[in-house]
Structure formats: C-alpha cells, structure tokens
1. Can you tell me which of ALA29, ALA12, ALA48 moves the most in a GNM of the chain? Springs connect C-alpha atoms under 10 Å apart.
2. If you plug each phi of the range 9-19 into the Karplus form 6.51 cos²θ - 1.76 cosθ + 1.60 with θ = phi - 60°, what whole-Hz ³J(HN,Hα) values come out, in order, with x for Gly and Pro?
3. Straight-line reach from LYS117: which aspartates and glutamates have Cα under 20 Å away, leaving out those fewer than 8 places along the same chain?
4. Starting from 0.36 nm per residue, how many nanometres of slack lie between ASN75 and ARG20 once their C-alpha separation is accounted for?
5. Defining a contact as two alpha carbons under 8 Å apart and six or more residues distant in sequence, what relative contact order in percent does the chain show?
6. Using the 10 angstrom Cβ neighbour count as an exposure proxy, how do MET77, MET66 rank, fewest first?
7. Scan the range 1-75 for GluC sites (Glu not before Pro) in coil per DSSP, keeping those whose Cβ has at most 10 other Cβ atoms within 10 Å, and list them by number.
8. Specify the inter-centroid distance of the range 35-92 and the range 1-27, based on alpha-carbon positions, in whole Å.
Amino acid sequence: MLVQCAVDLWYANALYNFIRVFKKAFSPAEDLDEKFANVILWRNKVAAHTAWEWAREEDNAVTRDMSIVLFPAFNFMGDGHFEVGGVRPISEKGESCPEWQWKLVPTHQRLREIVSKYAAAK
C-alpha cells in the first residue's frame, strides 16, 4: 500500500508537469487541464501541497482533513483498479471534495491515447 501511495503522489505531480510541457510543445486541441482536472485537483490538494496546510477559501474542514489522510483503495466493485480520492466522508463539517477521485491505469491510458496522436504526427 505504501508503494501505491508513492506511485500516486509521483504520478500526479509528474502528470501536471508533463501536461504543461506537452501543451507548449504540441498545442493540442484537447483541453488537457479539463481532461485531467480530477488528477490536477488531487495533486493540488494532496500531492503537491495539502489543503490541510495550505487551505483555500473553498476547502471545508473535511476536505482539509482528507488531504492528509491519503490512501489508495482497490475498487473491487468497479473496474478493478486502485483509485485515490474515492473515500469521501460526510460530517457536520461538510463533505470532502468529490471531484478529486481518479484511477492511475485509466488515467494513463487516456494520456497515452492523446500523446500518441500528436507524437506520431511530429
């Protein structure tokens, strides 16, 4: 589980930086920030700087708390991939950020499809 946490942290940060470089190099028609918004949001609130420490106005107490309780879960009932951001407790303080759930394998498959269109053309 610790290795999966490290992989998710690394991937979210690497993807964010890759998107920035890829956009400059290829000017893709797709809005990559929109296509990968959930990973970028998770990166911004968990992987790069936690909402617990660097809270924004829109970060309620539950989102701040969950940003430091990061653990991947295996989605047995769904498609059989690890995911992060899927645990969203609800309390009197509010609900944690619902838009930050993502899965590594489907995310990378989507990225490969987009990159292959542009890399093959150059």
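1. It is ALA29.
2. Running phi through 6.51 cos²θ - 1.76 cosθ + 1.60 with θ = phi - 60° gives 4, 4, 4, 4, 5, 5, 4, 4, 5, 4, 4 Hz.
3. GLU30, ASP31, ASP33, GLU34
4. Roughly 16.8 nm would be gained on extension.
5. On the way: 133 pairs, mean separation 28.6, N = 122.
Reported relative contact order: 23 percent.
6. Listed from fewest to most nearby Cβ atoms, that is MET77, MET66.
7. GLU53, GLU57, GLU58
8. Their Cα centres are 16 Å away from one another.
FYI, it's all coordinate maths here, none of it is from the lab. Computed from a predicted structure; not experimentally measured. Note that we place each Cβ from the backbone using ideal geometry, even for glycine, and neighbour counts take in every protein chain shown.
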